Amino acid sequence: MSRVTDYAAVQPAPTLADRAKFLAFLLIAAAFLGWSANALELSPGELIHSMPVIGRYLARMFPPDWSALQGLWDPTVDTICIALWGTVIASIIGLPLGILAAKNMNSPAVVRLTSLTILNVLRSISELIWAIFFVAAVGLGPFPGALALGVNFGGILGRLYAEAIENVDQKPLEALRATGANHLQTIMFAVLPQVLPQIVSYNLYWFEVGVRSATVLGMIGAGGIGFELVTTIRLYDFRQTSAILIVILLLVTVIDRVSAILRRAIVK
Amino acid sequence: MTSLEATIGQALDREAAWRHRRIAVRTLITALCLFVLWLAAVRINFSFTSVVLGAPGMADVFGRMFPPDFSYISRLIAPTIETVQIAVWGTLLAVVASAPLCLLAARNTTPHPLVYSVVRVFLNLLRSINELIYALLLVSAVGLGPYPGVLAIALHATGMLAKFVAEEIEHVNRGPIEALQAAGAGRMQIILMGILPQVLPSVVGYILYRFDVSIRSATVLGLVGAGGLGFSLITTMKMFKYHETAASIFMIIVLILMADWISGRLQKKIL
């Protein structure tokens, strides 16, 4: 008897109210899922019905038509260049905003909130939507793609930079301030050296993500391999589509490997 | 005395030479990086002038968008809910699909090394192709609407979740598993009692993170006709109703910031 009370003291049995809450949560979740599935016309029947259709499409992609590779070199290199410059632009945008947004950099509250808001808006709007605007502004081609990536990734990187800066060791900062260094000098000689490896590693990772994104920017005319891909799909030339998809897979894999090696070298 | 001085002198010389070499290597790497960047800039026609020249065009687009037509938001509620639904079901299907796949893709639970390699390659393939490409292909296969969007997110999310969870499974503590084995537990029992409790918190974290990513993707899948807010955005834009486009963008920002906030809160609560 006493053992039972002891056990109950260690692990209080769920009360009726707890159980009711859990049950209510499960019911609401199930109801939401059922309602959503209904709205999305998602049903086991639909899934089973559409599988043969998708299978037929997949079958039309084989064997890959390698003639699609002709003239694919330029868009592939463009894709890498878009990701490269996108990341560079992102750091240029992200670093000042990230510094201003970091809690421990003692920016005035208004400045901090403004930078945070700008970063939030930049990163909430997908690079594809940005690309639509930049294509409208500077015309078709890879350059608006790089700008779009840069603006969207600038928002993401800025937030990551700010978090990295908030986690720096405060002692070097205090030491520099004690010697009379001004704000800019403190940032240059106490903050940046501490966060630089992390910044480089973030940049390399987002360069990888950028290559993946740049493969679709071409869909809306912002350069890169996506344009060729969309064209083959629109022309129902699925055997060429699969050849281009294989090129994209190779590109992404190679970039991932190279960037992983570089990151390891830098962290070491 | 002289020999000591000589030794110190030699050490200093070596130090200086080493420093010079390091500076030379760094300069070389920097120069190489700048050269590559310059080549890339030429390639993508990077030009400040086109930004400056394009600025009025950009300002024109933004000018036509402002002020956003907030009365249009009442008609954006349905697409917003649809976006969330696409993300929820896409992520849920991915969770279901990745449950067996992550076990096959972890070194310590895979039935055979060959299965491990094949599943790993398959997961990498799934992950390397952008959701938008899946959506585009699926829209042309099964038609416009949210359904291809759900499948597109499910495919990409499966590659991502199964890989993350497989890596988590590979890093579990061996102790409880060996104890279970010693007690004569079967394969299924070891997975359920030994591995699952260990990886559950991080799995929930990954699912929340992925849900965040799915919401983001779901807002743009509409650009290729796969439902959600992106579809409102692109249709209003094509009809030159820029005030309504601005309202759609406003809704996207609100939705993403809300999803961010909620998943951040939940993550903090769980961990």
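Taken over the stretch B:169-189, the criterion of being outside any loop (DSSP other than H, G, I, E, B) and buried (at least 18 other Cβ atoms within 10 Å of the Cβ) is satisfied by B:169, B:177, B:180. From the list A:121, A:138, which residue is without any contact (Cβ under 8 Å) to a residue 12 or more places away in the chain, among the hydrophobic types (A, V, I, L, M, F, W, C) and either assigned by TED's automatic domain parsing to the domain that holds residue A:226 or surrounded by 14 or more Cβ atoms within 10 Å (Cβ to Cβ) (or both)? Result of the check over A:121, A:138: A:138. Residues satisfying the criterion are absent from the stretch A:247-256 (criterion: assigned to a helix (DSSP H, G or I), under 30 Å from residue A:102 (Cα atoms), modelled with pLDDT of 90 or more and at the interface with chain B (Cβ under 10 Å from one of its Cβ atoms)). None of B:28, B:93, B:12, B:104 is buried (at least 16 other Cβ atoms within 10 Å of the Cβ) and more than 14 Å from every other protein chain (Cβ to nearest Cβ) except B:104.
Condition first: of a type outside the set (Gly, Ala, Ser), buried (at least 22 other Cβ atoms within 10 Å of the Cβ) and within 20 Å of the chain's Cα centre (by Cα). Can you find one or more residues in the stretch B:112-121 that meet it? No, because not a single residue in the stretch B:112-121 is of a type outside the set (Gly, Ala, Ser), buried (at least 22 other Cβ atoms within 10 Å of the Cβ) and within 20 Å of the chain's Cα centre (by Cα). Within this structure, residue B:235 passes the test of being within 14 Å of another protein chain (Cβ to nearest Cβ), part of a helix (DSSP H, G or I) and among the β-branched types (Val, Ile, Thr).
Right, residue B:227: small (Gly, Ala, Ser) and assigned to a helix (DSSP H, G or I) or not? No. Residues that are under 26 Å from residue A:127 (Cα atoms) and not small (Gly, Ala, Ser) do occur in the stretch B:164-171, at least one of them.
So that you can scan it fast, the table gives a plain yes or no per residue for (1) more than 20 Å from residue B:108 (Cα to Cα); (2) outside the structural domain of residue B:262 (by TED's automatic domain parsing); (3) of a type in the set (Val, Ile, Thr); (4) modelled with pLDDT of 90 or more:
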{"site": "B:140", "(1), (2), (3), (4)": "yes, no, no, no"}
{"site": "B:160", "(1), (2), (3), (4)": "no, no, no, yes"}
{"site": "B:176", "(1), (2), (3), (4)": "no, no, no, no"}
{"site": "B:190", "(1), (2), (3), (4)": "no, no, yes, no"}
{"site": "B:194", "(1), (2), (3), (4)": "no, no, no, no"}
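Would the stretch B:252-266 turn up any residue that is surrounded by 19 or more Cβ atoms within 10 Å (Cβ to Cβ), over 17 Å from the mean Cα position of the chain (by Cα) and assigned by TED's automatic domain parsing to the domain that holds residue B:116? Within the stretch B:252-266 (the criterion being surrounded by 19 or more Cβ atoms within 10 Å (Cβ to Cβ), over 17 Å from the mean Cα position of the chain (by Cα) and assigned by TED's automatic domain parsing to the domain that holds residue B:116), the answer is yes, since at least one residue qualifies. Residues in the stretch A:236-246 that are within 11 Å of chain B (Cβ to nearest Cβ) and either within 21 Å of residue A:83 (Cβ to Cβ) or not in a helix (DSSP H, G or I) (or both): A:236, A:244, A:245, A:246.
Cβ separations smaller than 6 Å between residues 6+ apart or across chains give no pair from the stretch A:222-249 residues that are not assigned by TED's automatic domain parsing to the domain that holds residue A:139 and of a type in the set (A, V, I, L, M) to residues that are at pLDDT below 90 and surrounded by 23 or more Cβ atoms within 10 Å (Cβ to Cβ).
Pairs linking a residue in the stretch A:92-112 that is free of Cβ contacts under 8 Å to residues at least 12 places away in the same chain and over 16 Å from residue A:187 (Cα atoms) to a residue that is part of a helix (DSSP H, G or I) and hydrophobic (A, V, I, L, M, F, W, C), with Cβ atoms under 9 Å and 6 or more positions apart or on different chains, are A:111/A:100; A:111/A:101.
Within the stretch B:114-150, the residues that satisfy the criterion of being at the interface with chain A (Cβ under 8 Å from one of its Cβ atoms) and within 22 Å of residue A:59 (Cβ to Cβ) are B:125, B:128, B:129, B:133, B:136, B:137, B:138, B:140, B:141, B:142, B:147. Residues in the stretch A:190-200 that are surrounded by 14 or more Cβ atoms within 10 Å (Cβ to Cβ) and either free of Cβ contacts under 8 Å to residues at least 40 places away in the same chain or among the hydroxyl-bearing types (Ser, Thr, Tyr) (or both): A:190, A:192, A:194, A:195, A:198.
All of A:175, A:265 fail the test of being in a helix (DSSP H, G or I), surrounded by fewer than 19 Cβ atoms within 10 Å (Cβ to Cβ), without any contact (Cβ under 8 Å) to a residue 24 or more places away in the chain and within 12 Å of chain B (Cβ to nearest Cβ), apart from A:265. Taking the criterion of being more than 19 Å from residue B:219 (Cβ to Cβ), facing chain B (nearest Cβ under 10 Å) and more than 19 Å from the chain's Cα centre (by Cα), the residues of the stretch A:132-160 that qualify are A:136, A:137, A:138, A:139, A:141, A:142, A:143.
The values are calculated or read from the model by the stated rules, or taken from the named source; none is laboratory data. Everything numeric here is computed off the predicted structure, so don't read it as measured data. Cβ sites come from the backbone with ideal geometry, for glycine too, and all protein chains shown count toward neighbours.
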